[in-house]
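Engineer: Encoded as structure tokens, here's the structure I'll be asking about.
The values are calculated or read from the model by the stated rules, or taken from the named source; none is laboratory data. Predicted model, so just to flag it, every value in this text is computed and none were measured. Heads up, the Cβs are rebuilt from the backbone with ideal geometry, glycines too, and the neighbour counts pull from every protein chain shown. For accessibility, only protein heavy atoms count, side chains too; no ligands or nucleic acids. Shrake-Rupley method; radii C 1.70, N 1.55, O 1.52, S 1.80 Å.
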Amino acid sequence: MSVPGHVKHDAGNILKSVFGYTSFRDNQEDVITAIMSGKDVFAAMPTGGGKSLCYQIPGLLFDGLTVIISPLIALMKDQVDDAIAKGIPAAFLNSTLTKEEISGVYALLHENHIKLLYLSPERLALQGYIEKLKRFNVAFFAIDEAHCLSEWGHDFRPDYLFLSNIRDQFPDVPMAAFTATATQKVQDDIIRILNLRKPFTVRASFDRKELQYQVRPKTAVLSQISAFIKNHPGESGIVYRISRKDVEKTAAHLQTRGIKALHYHAGLTKGERSKNQELFNNDEADVIVATTAFGMGIHKNNIRYVVHGDLPKSMEGYYQETGRAGRDGLDSVCVMFFGPGDIARQQYFIDQIEDPREQAKCKNNLHSLVRFSTVNVCRRKYILEYFGQTHDGHCGNCDVCNDTTEKVEATVDARKVLSAIARTSEGFGINHIIDIVWGADTEKIRSRNHHELKTFGIGNDKSKKWWRGIINELIGQQAVYQDSDRYNVLCMTEHGRDILYGKMDFFISETASVKEPDSPSVKDTVDKGGCSDKILFKLLKEKRTQIAHENRVPPYIIFSDKTLKDMSLLKPENAEEFLGVSGVGEKKLEVYGPLFLPLIKAHLESGPS
Ligand code: ADP
Ligand code: ZN
């Protein structure tokens, strides 16, 4: 099957008239073209990469019905509200609807009044349900969050396995699977279980350029977190903490500082959780402090920062959690506070794990994160390489590249310590190694002839305290470790050997100078490009909140922050100019133009701002 030229043309028209965007993002057009030519598709694209549009546009172009499988019931209503706000005839079916509402949806389906139907996997798994779908002219299946199919993914959902039946029942209908999980194992599982036929495969870059990564030394974490948030007034953010207790403590601390913060963890009742999530979603709370229980299905697109108060459990988790910031494409900050205490704490939990495979996996995960946090390498490069992509190491948008954390080279001193460890066959603890390097005259040194070692006393120009600091850093950066099975003697890791043999340099962070770097915020981002009008932006936001309240939808479904920013920059005065704002399509012009245009006009008439 080939795609007639007009399809591309039509897809471009829909992009403008329905979504209000002028150009496709990476991969979107290719995916749409493949689907329209009847091919199956596998697409791994990062959060915020624009996956929805890849199935919504074909949904509008196909004659029949597009069925979208989406795992989160809570999310479906938002997705459908969002589609309807753009003028797309959409509906959902899941267990939250009443019998009457369900019959209403079926009536619309029978009359071919629905283009996009969102279904939960549970519903599809009901006896005879797939067969029932045959009554409608199904043109295309889209599987969102397809990694839920794979046990290798982080959100495995047994119900998803039922999707393997779609292919048998609809052998000729194209199917596209979307996920933000990048690993090959997950991809293989998805293609195998759904039985995708020679799918057109996209693995987008996982670089989230709009996210700034920072790791900072953890000193007094609560006040560090509140100081950071105070620097981002009125912006939305998530704070992740590892335990429920820390979540509660942090939320309470922020509240005493006058910050509108709520908490979220698996210990709350379902009602409390959804209430807090909704208040956050509706911009009625600025901050949500949460364990990793909070996450999947957060479609709020104006999250400006994600703070990790503790070391996350894996790089995958870190990437997913930070990925919730900046979905609207505006600059956002991801900051992690990290200290050696985090390692000890996680190590303690890992030691309790009984299954040796699981334990080894967690150890590896911890190792990757500690390296990420301590090695003096561009954070983005580290993340992308972890996911199998390359990067030149100069992103210019992380603390290492921007050098906001003070680093001091200490390669020579590190080698002195490492060589003392090597020459004593990795058989001694911290104090003795310091004594050798510093040149102490102790009984233990004499009895072992360690004063005859080449390294003896090579560090006597510096204090013992200095050498202890170097050793602590070497441990923190996992160049050496204390072997708890052998009286905590110091042993070298591969990384340590690389430093000793000159393959790698060693840097220590100057923890004393903890400063709050300037982080970009929405205002800077847009101000760079032109003159956005802050007062107007505020007015537009208030208008949006009011409309959202009246219509009982989250504000971002009306317009994203990005759209309002663009509006405050362009200051449209008529319908045509209003359509020129990014994110305004024809439906939104019709519904919201009459509400926003007079506001802009009044503001312009009130004089220069
Ligand atoms: P994903 O599902 O991949 O996480 P979404 O589909 O929610 O991402 O898209 C993220 C944001 O980017 C949405 O606000 C969406 O409207 C916007 N977006 C998608 N495609 C484009 C585009 N071509 N131009 C501008 N914005 C886009
Ligand atoms: Zn960088």
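Engineer: Can you tell me which of (1) open to solvent by 40 Å² or more (accessible area, probe 1.4 Å); (2) within 19 Å of Ile35 (Cβ to Cβ); (3) among the aromatic types (Phe, Trp, Tyr) is the one Phe140 doesn't meet?
Structural biologist: (1)
Engineer: Please enumerate the residues belonging to the stretch 70-105 that are in a strand (DSSP E or B), open to solvent by less than 20 Å² (accessible area, probe 1.4 Å) and at pLDDT 95 or above.
Structural biologist: Looking only at the stretch 70-105, we keep the residues that are in a strand (DSSP E or B), and these are 90-93.
Of the ones still in play, those that are also open to solvent by less than 20 Å² (accessible area, probe 1.4 Å) are 90-91, 93.
Correct list: Ala90, Ala91.
Engineer: Tell me which residues, restricted to the stretch 375-390, are closer than 15 Å to Ala180 by Cβ and of a type in the set (Val, Ile, Thr).
Structural biologist: Ile383
Engineer: I'd like the full set of residues that are in a helix (DSSP H, G or I), open to solvent by 30 Å² or more (accessible area, probe 1.4 Å) and either modelled with pLDDT of 95 or more or within 26 Å of Glu385 (Cβ to Cβ) (or both), limited to the stretch 184-211.
Structural biologist: Gln184, Lys185, Asp188, Ile191
Engineer: Condition check: crowded, with 16+ Cβ neighbours inside 10 Å, modelled with pLDDT of 95 or more and either among the small types (Gly, Ala, Ser) or in the same structural domain as Thr390 (by TED's automatic domain parsing) (or both). Does Ile238 satisfy that?
Structural biologist: Working: crowded, with 16+ Cβ neighbours inside 10 Å: yes; modelled with pLDDT of 95 or more: yes; either among the small types (Gly, Ala, Ser) or in the same structural domain as Thr390 (by TED's automatic domain parsing) (or both): yes.
Spelling it out, Ile238 is indeed crowded, with 16+ Cβ neighbours inside 10 Å, modelled with pLDDT of 95 or more and either among the small types (Gly, Ala, Ser) or in the same structural domain as Thr390 (by TED's automatic domain parsing) (or both).
Engineer: Quick check: is even one residue across the stretch 200-212 more than 29 Å from Leu161 (Cβ to Cβ) and more than 16 Å from ligand 1 (Cβ to nearest atom)?
Structural biologist: Within the stretch 200-212, one or more residues are more than 29 Å from Leu161 (Cβ to Cβ) and more than 16 Å from ligand 1 (Cβ to nearest atom).
Engineer: Residue by residue through the stretch 21-40, note down the ones that are in contact (Cβ under 8 Å) with a residue 24 or more places away in the chain and either hydroxyl-bearing (Ser, Thr, Tyr) or within 16 Å of ligand 2 (Cβ to nearest atom) (or both).
Structural biologist: Passing the criteria: Tyr21, Thr22, Thr33, Ser37.
Engineer: Just name the residue that is farthest from ligand 1 (Cβ to nearest atom) out of those in the stretch 48-69 that are open to solvent by less than 10 Å² (accessible area, probe 1.4 Å) and either free of Cβ contacts under 8 Å to residues at least 24 places away in the same chain or within 22 Å of the chain's Cα centre (by Cα) (or both).
Structural biologist: Selected residue: Ile69.
Engineer: Here's something else I'd like to know. When the stretch 377-396 is examined, which residues are found to be touching a residue at least 24 places away in the same chain (Cβ under 8 Å) and either more than 11 Å from ligand 2 (Cβ to nearest atom) or not assigned by TED's automatic domain parsing to the domain that holds Asp331 (or both)?
Structural biologist: Tyr386, Phe387, Gly388, Gln389
Engineer: Another one. Among the helices (runs of 4 or more DSSP H) contained in the stretch 543-609, which hold 1 or more residues that are free of Cβ contacts under 8 Å to residues at least 24 places away in the same chain and among the small types (Gly, Ala, Ser)?
Structural biologist: 575-579, 586-605
Engineer: Which residue is farthest from ligand 2 (Cβ to nearest atom), if the candidates are limited to the stretch 397-426 and must be over 30 Å from Trp438 (Cα atoms) and open to solvent by 50 Å² or more (accessible area, probe 1.4 Å)?
Structural biologist: Asp403
Engineer: Identify the single condition in (1) in a helix (DSSP H, G or I); (2) at pLDDT 90 or above; (3) surrounded by 20 or more Cβ atoms within 10 Å (Cβ to Cβ) that Lys444 does not satisfy, given that it satisfies every other one.
Structural biologist: (3)
Engineer: Name the residue that is modelled with the lowest pLDDT, counting only residues in the stretch 499-518 that are within 17 Å of Gln477 (Cα to Cα) and open to solvent by less than 40 Å² (accessible area, probe 1.4 Å).
Structural biologist: Looking at residues that are within 17 Å of Gln477 (Cα to Cα) and open to solvent by less than 40 Å² (accessible area, probe 1.4 Å), I get Ser509.
Engineer: To continue, here is another question. From Val417, Val408, which residue is part of a helix (DSSP H, G or I), farther than 22 Å from Thr47 by Cβ and either away from ligand 1 (no atom under 16 Å from the Cβ) or among the acidic types (Asp, Glu) (or both)?
Structural biologist: Within the list Val417, Val408, the selection yields Val417.
Engineer: Considering only residues of the stretch 39-61 that are modelled with pLDDT of 95 or more and assigned to a loop (DSSP other than H, G, I, E, B), which is nearest to Val7 (Cα to Cα)?
Structural biologist: Ranking the qualifying residues of the stretch 39-61, first place goes to Lys39.
Engineer: If a residue has to be open to solvent by 30 Å² or more (accessible area, probe 1.4 Å) and near ligand 1 (Cβ under 8 Å from one of its atoms) to count, how many in the stretch 4-47 make the cut?
Structural biologist: Selection size over the stretch 4-47: 5.
Engineer: Residues that are open to solvent by 60 Å² or more (accessible area, probe 1.4 Å): find the helices (runs of 4 or more DSSP H) completely inside the stretch 303-377 holding 2 or more of those.
Structural biologist: 340-352, 356-374
Engineer: Among the candidates Gln224, Gln277, Gln214, which residue alone is within 16 Å of ligand 2 (Cβ to nearest atom) and in contact with a strand residue (DSSP E or B) (Cβ under 9 Å, 6 or more places away or on another chain)?
Structural biologist: Sole residue among the options that is within 16 Å of ligand 2 (Cβ to nearest atom) and in contact with a strand residue (DSSP E or B) (Cβ under 9 Å, 6 or more places away or on another chain): Gln214.
Engineer: Quick check on Ile32: is it touching a Cys at 6+ places or on another chain (Cβ under 9 Å) and not small (Gly, Ala, Ser)?
Structural biologist: yes
Engineer: If you take the residues of the stretch 241-263 that are under 19 Å from Met336 (Cα atoms) and hydroxyl-bearing (Ser, Thr, Tyr), which of them is most open to solvent (accessible area, probe 1.4 Å)?
Structural biologist: Step one: list which residues in the stretch 241-263 are under 19 Å from Met336 (Cα atoms), which gives 241-251, 253-254, 261, 263.
This time we only want the ones that are hydroxyl-bearing (Ser, Thr, Tyr), so: 243, 250.
Values: Ser243: 32, Thr250: 0 Å².
Result: Ser243.
Engineer: OK, next. Restricting to the stretch 264-278, name every residue that is in a loop (DSSP other than H, G, I, E, B) and open to solvent by 50 Å² or more (accessible area, probe 1.4 Å). Explain how you work it out, then say what you get.
Structural biologist: Here is the first cut: in the stretch 264-278, the ones in a loop (DSSP other than H, G, I, E, B) are 265-269.
Passing the criteria: Ala266, Thr269.
Engineer: A follow-up question, please. Could you figure out which of (1) surrounded by 18 or more Cβ atoms within 10 Å (Cβ to Cβ); (2) within 21 Å of Ala83 (Cα to Cα); (3) away from ligand 1 (no atom under 15 Å from the Cβ) isn't true of Pro555?
Structural biologist: (3)
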